[in-house]
């Protein structure tokens with residue numbers, strides 16, 4: 001896989017993750033009232049897989065670039081990214097379980113707790129994606145979105 005193809009695959013994962021974050025925000029905004037069940041079902045099927053796929057792409061594309069840098073802070077960023085993957089993986093599973101509970105109508109969490117879980121996850125993922133996009137723009141001199149670093 002050429003670097004351009006690999007970068008495009010990673011950027012595609014980031015775009016889909018940001019779309020998933022938008023969907024999670026819509027669900028959280030609807031609590032405690034209307035819960036868009038079709039949206040919940042869509043995320044139940046795709047969220048954990050998407051997070052896993054994105055981490056795989058980062059491990060194959062971004063981490064090697066960071067680790068190859070002569071700058072110690074770039075190599076430290078690679079280690080931080082690995083640690084964030086573990087956290088993201090665990091919380092994605094919790095979010096998936098909360099969505100399954102919402103769909104089934106048997107949520108063990110209060111609407112406020114569910115909303116907080118969803119919001120903390122999608123805000124964390126958005127920060128993660130924007131930070132990694134910024135790193136990519138620094139490493140490969142790709143123009144960041146909006147012409148500036150996030």
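Every number in this text was worked out from the coordinates using simple rules, so none of it is lab data. Worth saying up front: this structure is predicted, and the values here are computed from it rather than measured. So basically every Cβ, Gly included, is an ideal-geometry build from the backbone, and we count neighbours across all protein chains shown.
For the stretch 34-150, the fraction of C-alpha pairs farther apart than 21 angstrom is 46 percent.
Sorted on the mean count of surrounding Cβ atoms within 10 Å across their residues, most packed first, peptides 2-11, 21-30 read 21-30, 2-11. For the chain, averaging the sequence separation of C-alpha pairs within contact (under 8 Å, six or more residues apart) and dividing by the residue count gives a relative contact order of 33 percent. Structure remark: mean-square fluctuation, Gaussian network model of the chain, C-alpha springs under 10 Å; the largest value among 45, 35, 103 belongs to 45.
Calculated [222 nm] ellipticity per residue, helices only, for the chain: -28500 deg cm²/dmol; basis is -39500 (n - 2.57) per DSSP H run with n ≥ 4, divided by all residues, nearest 500.
Listed highest first by mean packing, meaning other Cβ atoms within 10 Å per residue, what order do 115-125, 77-87, 59-69 come in?
115-125, 59-69, 77-87
Sorted ascending by nearby beta carbons within 10 Å, beginning with the fewest, 14, 130 become 130, 14.
Extending 7 Å from Cα along the Cβ direction at residue 12 and again at residue 45 yields two label points whose distance is 1.9 nm. Subtracting the Cα-Cα distance of residue 101 and residue 116 from 0.36 nm times their residue separation leaves 3.9 nm of extension gain. Between 75, 106, 126, the GNM of the chain built on Cα springs shorter than 10 angstrom shows 106 fluctuating the most.
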